[in-house]
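Asks: Starting off with a structure, shown below.
What follows is calculated from the coordinates using simple rules that are stated; it is not laboratory data. Fair warning: this is a prediction, and the values are worked out from it, not measured in the lab. Quick reminder, even Gly has a Cβ in these numbers, built from the backbone with ideal geometry, and neighbours come from all protein chains shown.
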Amino acid sequence: MSETALITTIPAAPEVLSLRVPDSPLVAQAKNLVIRTDDDVITAKDLRGQLKTRIAFVMDDPTGPQFSINISGAYKLHKSLVAAAKVFTDPCNEAVGIIDTSIGRFDQEKRRLKDLADQQAREEQEKERQQIMNAAQAKIDRAMKSTGKIETQIEEMQKIADDLLATDEARTLAARQLEILRLQLENKQDQAAAIQKTAEQAMDALPVASAETAGFTKTSGVRVKKEGEVINKMALIKAVAEGKIPDVIFDINQGHINRLINMGIQFPTDAVTVRETAKYGGRG
């Protein structure tokens, strides 16, 4: 008999099944049985045997629907169809995968070159910025050294701050030096030192887009996906325990836990609650 023929032999008519399959009250009787005595156990085993007989008829009896052999035939047919389809689809999917990977690598290389160019642009800009700052600071230092009194230094700084021909950096430094000198004049040394520190930190150059960035166009359809690889499981567990990472990354394997418990492994009581269940699995 062919697999296709097997699939079409299920007698679906209810009257056919009812000739050999016990009525549903048997199921209800079994479910509602309360076992309090040894006699109840005997009754339960008898009901159990009848139910097993019903299952065997439905699944395997030649005069019944034979679900087992039909399920097996359907599964084999499914596997055969999938295998036949893969002969055509696998080479196509492999080629599609190669194309997708190649496009992704091309886009990654463009972004790598962009990042490299940006970094070089930032470094070059920082050098130019530092040269300008050094020149501006030198101008301020010369003005400060050429005068002795704070009042005179304030006047010199004001000239630089107001000089439209001076660089923006020089005017900015002069304005901040003015604040420092005025506080020093008022004997507010702590505030003057704080402003001096702020002035030294505030002139960092902002990143400038490189020519590579200006010409960069992201490839349409490319999705960048990041993947993590666990290299230290204990460090990961520690990070979760400290609340640095959500515990959703851990998938609790109940099967492993149950096997370890039955092997005698003792879990902390505040982590795992152990419950015992008993179930009949005999043949009679």
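Asks: Mean 1/r over all different Cα pairs, inverted: what Kirkwood radius does the range 230-277 give, in Å?
Replies: 12.6 Å
Asks: Can you compute the modelled spin-label distance between VAL34 and CYS92, with each label point 7 Å from Cα toward Cβ, in nm?
Replies: Inter-label distance under the simple model: 6.4 nm.
Asks: Plugging the Kirkwood radius over Cα pairs into Stokes-Einstein for the range 86-126, at a temperature of 25 °C and a viscosity of 0.890 mPa s, what D comes out in µm²/s?
Replies: Stokes-Einstein gives a translational diffusion coefficient of 197 µm²/s.
Asks: Does a label point 7 Å from the Cα of ALA56, set along Cα-to-beta-carbon, have any residues of the range 250-284 with amide nitrogen under 20 Å, and which are they?
Replies: Under 20 Å, as judged by backbone N against the label point of ALA56, lie 280-284 of the range 250-284.
Asks: Work out, step by step, the length gained on full extension between ASN262 and GLN130: first 0.36 nm times the residue separation, then minus their alpha carbon distance; give nm to one decimal.
Replies: Residue separation times 0.36 nm, minus the Cα-Cα distance, leaves 40.5 nm.
Asks: If you don't mind, another one. Output the pairs from LYS110/LYS218; LYS110/LYS226; LYS52/LYS79; LYS45/LYS279; LYS86/LYS226; LYS86/LYS225 with a Cα-Cα distance over 20 Å in this structure; if there are none, say none.
Replies: The pairs that break the limit, which is 20 Å between Cα atoms, are LYS52/LYS79; LYS86/LYS226; LYS86/LYS225.
Asks: I would also like to ask the following. Roughly speaking, what is the centre-to-centre gap between the range 228-249 and the range 29-62 when only Cα atoms are used, to the nearest Å?
Replies: After rounding, the separation between the Cα centres reads 50 Å.
Asks: May I pose another question? Looking at the range 219-251, which trypsin sites (Lys or Arg not before Pro) are in a loop (DSSP not H, G, I, E or B) and have at most 16 other Cβ atoms within 10 Å?
Replies: Those that pass, being in a loop and sparsely packed, are ARG223, LYS225, LYS226, LYS244.
Asks: So if each residue of separation counts as 0.36 nm, and I subtract the Cα-Cα distance between ILE99 and GLN119, what length gain in nm does that give?
Replies: So the chain would gain 4.2 nm between ILE99 and GLN119.
Asks: Between ASP251 and LYS279, what FRET efficiency follows from the Cβ-Cβ distance if R0 is 22 Å, with the result rounded to 0.05?
Replies: Efficiency computed from Cβ-Cβ geometry: 0.25.
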